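K.L.:
What follows is a structure written as structure tokens; I'll ask about it next.
The values are calculated or read from the model by the stated rules, or taken from the named source; none is laboratory data. Just so it is clear, the structure is predicted and the values come from calculations on it, not from any experiment.
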Amino acid sequence: MEILKLLIPMALFLGSFFVFLFIWATKSGQFDDLDTPSKRMLLDDSVKKDNENKFSHHERKEV
């Protein structure tokens, strides 16, 4: 019975902490765009190829 004196406040603290983290993430825009990251990996190859074609072979920058 005495363990409840410890577990109930701990559960309330953890619950309120996770609610705070969820509200903070929502306000900071974490969940604004859920579609673009999955499509971005499909677009990366075409962007890299376009950038490579902009430079001629002798003008390419070494990174």
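K.L.:
Quick one: is Phe17 at pLDDT below 60 and not acidic (Asp, Glu)?
P.N.:
In short, no.
K.L.:
Since Val63 meets every condition but one in (1) hydrophobic (A, V, I, L, M, F, W, C); (2) at pLDDT 75 or above; (3) not in a helix (DSSP H, G or I), which condition does it not meet?
P.N.:
Here Val63 clears every test but (2).
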